[in-house]
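For reference, the structure is listed below as structure tokens.
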Amino acid sequence: MEIRVLRYFLEIAREENMTRAAARLHVSQPSLSRQMKELEEELGKKLFTRSNYSIHLTDEGMLLRKRAEDLLAIADKITNEFRTMDDITGGDIYIGCAESYLIKYLAAAVRNLNERYPGIHYHIISGDTAIVAERLDRGLFDMAFIVEPPDLSKYNYLEVPESDTWGVIMRKDCPLAQKSAIQLEDLIPYPVFCSEQSAKVDLPRWCGEKVDQLQIMATFNLSNNGAVFVREGLGVELTFDKLIEITPDSTLCFRPITPELHTKMYVIWKKYQVFTPVAQLLLDELKKIFQ
């Protein structure tokens, strides 16, 4: 199975039309059709269903599309790594990030590097720990920022100097806004929004088994989306401080929870990982900033 053929397959999947895909790929339609037929014969599965005007993926085709996207992402990453090994002025760095105000340390490192190496490009994908760790394990990220203690059997890590503080985002006209700090009992009457990770990992650290008393109405992997629900008066959101920008004329406010709950952040990378020169530059810059 050739990388080139997988690129052809993905182009057909995107265009849903053999003629348009052939034109974009600058190959003849008969040649493209033949290579797709050979790919189906190689895999022993039908990948497309064809009609007069369009092409759709079968279930097997959908599976190959996901696998091909992953393979080509890794192939492109390898190509970029070798292309820039002798060119320290530029290159690509792939980073997974949890949602946290502490990403300011990454921003500071990027700012410092950009003064010396403006040709570096940063590809930053946000998600919870499970999402970014899974992509790190597959080789799609150089490093990741997570908000759970790292698995020391799999990763090396740096600890970010500060920690995130938990609290509640609510409308200013919510009765809870009159309080200086929010207890579990205060939240019980209200629909609550939080991340799935926090519901499983962080909130039990705060209130133990009593977490079941919370009315968790919805989970979000991005706090800003949860804040939209709060603005619409649907409930309150448990999240980190400083994630939602709150100005004096905002309809929202933040109150810390009590007892206090804090979460540490870590930079992780795979054990025995060999970094590209530009990724190593970023890691070294982070170490200097953390010190």
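The values are calculated or read from the model by the stated rules, or taken from the named source; none is laboratory data. Please read these numbers as outputs of a predicted model, since none were measured by experiment. Every residue, glycine as well, gets a Cβ built from its backbone with ideal geometry; the counts of neighbours run over all protein chains shown. All accessible areas refer to the heavy atoms of the entire protein, side chains included, with ligands and DNA or RNA removed. Shrake-Rupley method; radii C 1.70, N 1.55, O 1.52, S 1.80 Å.
Worth a mention:
- Within segment 148-157, not a single residue is among the aliphatic types (A, V, I, L, M) and in contact (Cβ under 8 Å) with a residue 40 or more places away in the chain.
- Subset tally (residues that are open to solvent by 60 Å² or more (accessible area, probe 1.4 Å) and outside any helix (DSSP H, G or I)) for segment 209-228: 6
- Check on THR239, over 27 Å from ARG138 (Cβ atoms), among the polar types (S, T, N, Q) and modelled with pLDDT under 95: no
- Residue list for segment 260-281, restricted to those being in contact (Cβ under 8 Å) with a residue 40 or more places away in the chain and either in a loop (DSSP other than H, G, I, E, B) or farther than 22 Å from ASP151 by Cβ (or both): GLU260, LEU261, LYS271, GLN273, PHE275, THR276, PRO277, VAL278, LEU281
- In summary, ILE78 fulfils each of the numbered conditions (1) in a strand (DSSP E or B); (2) out of contact with any strand residue (DSSP E or B) (no Cβ under 9 Å at 6 or more places or on another chain) with the single exception of condition (1).
- If you go through segment 237-250 and keep only what is surrounded by 15 or more Cβ atoms within 10 Å (Cβ to Cβ) and outside any strand (DSSP E or B), you end up with ASP241, LYS242, LEU243, ILE244, ILE246.
- Screening segment 251-291 for residues that are under 22 Å from LYS154 (Cα atoms) and of a type in the set (Ser, Thr, Tyr) and picking the one that is most open to solvent (accessible area, probe 1.4 Å) gives TYR272.
- Residues that are part of a helix (DSSP H, G or I) and either aromatic (Phe, Trp, Tyr) or more than 22 Å from ASN225 (Cβ to Cβ) (or both) within segment 112-143 comprise ASN112, LEU113, ASN114, GLU115, ARG116, LEU136, ASP137, listed in sequence order.
- Within segment 204-216, residues that are touching a residue at least 24 places away in the same chain (Cβ under 8 Å) reach partners that are crowded, with 17+ Cβ neighbours inside 10 Å and among the β-branched types (Val, Ile, Thr) with beta carbons closer than 8 Å, at six or more positions or on different chains, in the pairs TRP206/ILE257; LEU214/VAL192; GLN215/VAL192; ILE216/VAL192.
- Qualifying residue in segment 119-130 (condition: surrounded by fewer than 19 Cβ atoms within 10 Å (Cβ to Cβ), over 18 Å from the mean Cα position of the chain (by Cα), more than 27 Å from ILE244 (Cβ to Cβ) and not hydroxyl-bearing (Ser, Thr, Tyr)): yes
- Looking only at segment 23-58, and only at residues there that are basic (Lys, Arg) and assigned to a helix (DSSP H, G or I), the one that is most open to solvent (accessible area, probe 1.4 Å): ARG24
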